[in-house]
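Okay, structure first, notes after.
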Amino acid sequence: MLSVTSSLFPPQKSDMGFTTKLTRERCAVVTGANRGIGLETVRQLTKEGVVVVSTARDEKRGTAAVAELKKSGLSNVVFHQLDVQDPLSVASLAKFIQTQFGKLDILVNNAGISGVIVDEEGLKSLNIDPVNWLSGKATNLVKGVIRQTFENAKECVDINYYGCKRVTEALIPLLQLSTWGATIVNVSSLRGELKRIPDEKKRKELEDIESLSEEKIDGLLQRFLEDFRRGELEANGWSMMLPAYSISKATLNAYTRVLAKKYPDMRVNCVHPGFVNTDINWHTGTLDVEEGARGHVMLALLPKDGPSGRYFDQIEMSEF
Ligand SMILES: NC(=O)c1ccc[n+]([C@@H]2O[C@H](COP(=O)([O-])OP(=O)(O)OC[C@H]3O[C@@H](n4cnc5c(N)ncnc54)[C@H](OP(=O)(O)O)[C@@H]3O)[C@@H](O)[C@H]2O)c1
């Protein structure tokens, strides 16, 4: 772990006379920031003058990414290890932020996995038109080259949904101390859009903000995993294009709305970054990471009176 320089974070006097570490700068945490859109989000936020804690589950990959940023002249970035699946790692990050900054202003929950095993050569040889890929028309076409075991599905839900929840719950007390007006950005996907879930009952369950709760979302995910285990996904109306990934993002969107309702003083939103050329889609994406990170950064820097509990397709507000 790198230590934070004292010139960047000067100790300050509290009202009670003793020295606290509370810093005036706007501070952010970005998860899954060692590559892809997360890394680019760190770059863009630091350029905006935000002090960023860049996190990654692998210490070596994470420190290397931060070293590259520093080499390019960006100084207001530090690394801290964070595996969103590991509660001890999450607690250690929260403690680090508490000690170094005394509060947090921005949380970008970006870490995610596709949760599938892919024959990359086979996928490339199919030469799927991005339009068919995005619309879900290629679902049957990719069946021969994309596999998902029950363990893969569980890991996908645990990282994409519960990982975000673990980190958010640990950092909420620090976000509540923000004087800038805290923002949370949950990185979602168009795969999580409600219109892509074939079963109307499930769509309604995730859509009804009045009755939506974390317990309801848990229940839905348990039913999904049970249907997956029994081989009954299609029969029970779950999305068949990257099933675990799709439901992990649909529930992440629902969680975003629950959080926004629970914390009206914060701006809590979710965003589809676009179809971006990164490892997660085996470089089938068409946008570069600069474009992909634009929505993250726009939502991270929302003013206090900005929207909350909304879903964005890149930088445009869209329908859940
Ligand atoms: N690219 C797209 O077209 C697209 C479209 C829609 C949504 N998204 C979303 O955008 C986000 C970023 O994806 P990307 O395209 O930048 O993909 P990526 O290049 O594969 O990056 C994913 C990042 O998440 C990290 N990660 C995975 N599991 C983690 C864990 N348990 N703890 C901490 N970090 C973990 C990875 O770390 P390691 O290097 O250690 O694996 C990596 O840094 C994801 O949430 C993804 O679902 C992407």
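The values are calculated or read from the model by the stated rules, or taken from the named source; none is laboratory data. The model shown is predicted, which means the values in this text are computed figures rather than measured ones. Here the Cβ positions follow ideal geometry from the backbone for every residue, glycine too, while neighbour counts run over all protein chains shown.
Of the residues making up the range 151-206, those that are hydrophobic (A, V, I, L, M, F, W, C) and more than 19 Å from the chain's Cα centre (by Cα) are 177, 180, 197. For residue 36, the stated conditions do not hold, so it cannot be described as at pLDDT 95 or above, closer than 23 Å to residue 170 by Cα, within 16 Å of the ligand (Cβ to nearest atom) and not acidic (Asp, Glu). Do we find that residue 202 is surrounded by 14 or more Cβ atoms within 10 Å (Cβ to Cβ), farther than 23 Å from residue 153 by Cα and basic (Lys, Arg) in this structure? So residue 202 fails the test. The requirement of being on the phi < 0 side of the Ramachandran plot, away from the ligand (no atom under 16 Å from the Cβ), free of Cβ contacts under 8 Å to residues at least 40 places away in the same chain and in contact with a Leu (Cβ under 7 Å, 6 or more places away or on another chain) is fulfilled somewhere in the range 225-246, by at least one residue.
Is it the case, given these coordinates, that residue 289 is within 23 Å of residue 157 (Cβ to Cβ), surrounded by 18 or more Cβ atoms within 10 Å (Cβ to Cβ) and over 12 Å from the mean Cα position of the chain (by Cα)? When the stated conditions are applied, residue 289 does not pass them.
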